[in-house]
Amino acid sequence: MSNPSNLKYTKSHEWVEFTGETTVKVGLTDFARQSLGDLVFVNLPAKGDELTVGESLGDVESVKAVSDVYAPCSGTVTAVNEELLDAPEMFNESPYGAWFVEMSNITDQEELLSSNEYEAFCKEEE
Amino acid sequence: MEQKTPLYDCHVVCGGKIVPFAGYLLPVQYSGVIEEHMAVRQKAGLFDVSHMGEVIISGPDALLNINRLFTNDFTNMTDGRVRYSPMCNEEGGIVDDLIVYRMSALKYFVVVNASNREKDVNWMKSHLVGDVRLEDISDSVAQIALQGPKSKDILLKLAAAESIPPKYYTFFDNCDVAGVKCLVSQTGYTGEHGYELYCSPDDAVPLWNALLDAGTATNAAGKEGLIPCGLGARDTLRLEAGMPLYGHEMADDITPLETGLNFAIKMNKEDFIGKKAIEDRGEPKFARVGLMATGRGIMREHNDVYIGDEKIGETTSGTHCPYLKGAYAMAIVHKENSAVGTQVEVDVRGRKVPAEIVTLPFYKRG
């Protein structure tokens, strides 16, 4: 699966979609999907929570392990994907269709990579 | 530097994700833990378990030593039988759990955990008495496990019906399976009907391939649906079946009585290493229980278990169980809080997950 070019990426394998100047949608990439395997559980923050760039906003669980999901920027959570909470396998079916949180009032971003830069980064990781 | 088992190349060919485990390179999964787990519950799965340790205890005093070293009673065993037992230290704690195959009155084949092999061999060797010999043959034995409801049908394609052990915890030696000479036992670590096959390392690859071909070929009845399964599914299967694992439900500071292995410890035996210490401890103050999460969250190992503000114990293993589709864990808790039906909370990374004590095993084959 190639990484959509309209998205930005983090080195911790989150994808970021800028839905506006200061609003984003966040999810996990296909690389994350391959290394995590089948997801059986997702822990998300609550609407209204303040997130700080680089800190954990929640975690995902495969059968064997738990992995943190990191906030790519600071801001306020405006929505969480309830469907994903009930059906974590949605992520394995479509990593770029299964968003985790929506945020607004974005400040402080991580170093965000373009799809090409992210692809190069992933090749090095392997 | 990790070792490869004789089947390493087969795992690579099958797309196994290789990880280090107990000093070996083994597949944690191939197609996915959930798919592999479900295959074993519904059809069949094939496991490389060559990393396990095997020793032969032989001689006129073999039985004497077996009964001294292990807590179970092996006196009334007949040839072709298998028996499970913990092995204790002088304090009554568990050194390892293992299974014993009686080849003859003078020869026993013992299978131990891969991670404890060196420790076990050293322990046993230093506690032998009389006319007995112990030989570590681990490096000359390969082992494959075939588990699941379809396992017998698959084996029947490769071996004569008379060479397939008919009862749980029995075995036949010198069987011909697809032209490979092996010991076949009706044993396993999944909670399903199944077999463990022991052969020489040189025969492992042909045996693995023959089993895989027989299990995936289409015949009049359709495909048997055998797939290779890794360590991940091995763990979820044994946990779902309530089977203990050394280093989790057992350790050198837990006695067999404290971890619910009463069936495998015979206190009326004249003596065994650890007997006095266990007697001196009196009634066990702890018990192993099964927990089922009743709220959102997956309990893992080393999670504290609470009733209100009081910590009553700790989980020893835990995961999402694919067949039962829920979060289950085993825990060792204070005896007085161990009744089935007790409502508890488990601290999962700072969040209290509600759970209930349920009977073990969580899953039992139909």
Q.
Explain nothing, just compute: Karplus ³J(HN,Hα) = 6.51 cos²θ - 1.76 cosθ + 1.60, θ = phi - 60°, for every residue of segment A:65-71 in order, whole Hz, x for Gly and Pro.
A. 8, 10, 10, 6, 10, 9, 6
Q. What lysines could a cross-link reach from B:Lys125, if we take a straight Cα to Cα line under 27 Å and drop same-chain neighbours fewer than 8 places away?
A. B:Lys4, B:Lys107, B:Lys266, B:Lys269, B:Lys275, B:Lys276
Q.
Starting from 0.36 nm per residue, how many nanometres of slack lie between B:Ala105 and B:Gln343 once their C-alpha separation is accounted for?
A. 80.8 nm
Q: Scan around A:Leu113 for amide H atoms under 5 Å from its own, H built in the peptide plane at 1.01 Å from N, and keep only partners 5 or more places away or cross-chain.
A: A:Tyr9, A:Thr10
Q. What do you get when you divide the Cα radius of gyration of segment B:53-138 by 2.2 N^0.38 Å, with N the number of residues?
A. 0.96
Q: Could you work out the Kirkwood radius for segment B:230-279, taking every pair of different alpha carbons, averaging 1/r and inverting it, reported in Å?
A: 12.6 Å
Q | Under 12 Å, Cβ to Cβ, from A:Ser5 - net charge with Lys/Arg +1 and Asp/Glu -1 | A | -2
Q) In which sequence would B:His193, B:His11 go, from the one with the fewest C-beta neighbours within 10 Å to the one with the most? A) B:His193, B:His11
**Q.** Cross-link pairs beyond the 22 Å C-alpha cut-off, checked among A:Lys11/B:Lys352; A:Lys64/B:Lys325; B:Lys152/B:Lys364; A:Lys8/A:Lys123; B:Lys152/B:Lys325
**A.** A:Lys11/B:Lys352; B:Lys152/B:Lys325
Q | Calculated SAXS-style log₁₀ I(q)/I(0) at q = 0.18, 0.20, 0.22 Å⁻¹ - segment B:22-91, Debye, Cα scatterers | A | -0.89, -0.93, -1.00
Q | Three principal axis lengths of segment A:1-110 [C-alpha, angstrom, descending] | A | 34, 29, 22
Q) So how far, in whole Å, is the C-alpha centre of segment B:183-243 from the one of segment A:80-101? A) 34 Å
Q. Applying the Karplus parametrisation 6.51 cos²θ - 1.76 cosθ + 1.60 with θ = phi - 60° to the phi angles of segment B:139-151, what ³J(HN,Hα) value in whole Hz is obtained for each residue in order, glycine and proline being reported as x?
A. 6, 10, 10, 10, 9, 10, 10, 10, 10, x, x, 8, 4
Q. Which aspartates and glutamates, on any chain, are close to B:Lys150 with Cα under 20 Å apart, when same-chain ones fewer than 8 places away are left out?
A. B:Glu35, B:Glu36, B:Asp48, B:Glu162, B:Asp176, B:Glu192, B:Glu196, B:Asp213, B:Glu224, B:Glu240
(Q) Once R0 is set to 35 Å, what does the formula 1/(1 + (r/R0)^6) return for the Cβ-Cβ distance between A:Ala46 and A:Lys123, expressed as a FRET efficiency to the nearest 0.05? (A) 0.45
Q: Return the whole-Å distance between the Cα centroid of segment B:286-362 and the Cα centroid of segment B:37-110.
A: 30 Å
Q. Out of residues 5 or more away from B:Val112 or on other chains, whose amide H comes under 5 Å of its own, with H placed 1.01 Å from N in the peptide plane?
A. B:Gly53, B:Glu54, B:Val55
Q) Kirkwood hydrodynamic radius (Cα pairs, Å) of chain B? A) 21.3 Å
Q: Please list the equivalent ellipsoid semi-axes of the protein assembly as shown, computed as the square roots of five times the alpha-carbon gyration tensor eigenvalues, in descending order and whole angstrom.
A: 45, 29, 19
**Q.** Rounded FRET efficiency, nearest 0.05, which uses the C-beta distance separating A:Ser104 from B:Asn89 and R0 of 41 Å
**A.** 0.10
(Q) Please report, in whole Å³, the volume per residue of the convex hull around the C-alpha atoms of segment A:87-126. (A) 117 Å³
Q: Quick one: plug the Kirkwood hydrodynamic radius of segment B:242-358 (C-alpha pairs) into Stokes-Einstein at 37 °C, 0.692 mPa s, and report D in µm²/s.
A: 221 µm²/s
Q: Would you compute, from DSSP H runs of 4+ residues alone, the mean residue ellipticity of the protein assembly as shown at 222 nm, taking -39500 (n - 2.57) per run and dividing by the full residue count, rounded to the nearest 500?
A: -5500 deg cm²/dmol
Q.
Using a 10 Å cut-off around each Cβ of peptide B:344-352, what is the average number of partner chain Cβ atoms that fall inside?
A. 1
**Q.** Modelled FRET efficiency - R0 45 Å, A:Glu111 with B:Val13, Cβ distances, 0.05 increments
**A.** 0.65
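Readers should treat all values here as calculations from the given coordinates under stated rules, not as data from a laboratory. Just so it is clear, the structure is predicted and the values come from calculations on it, not from any experiment. Counting neighbours? That spans all protein chains shown, and the Cβs are built from the backbone with ideal geometry, glycine included.
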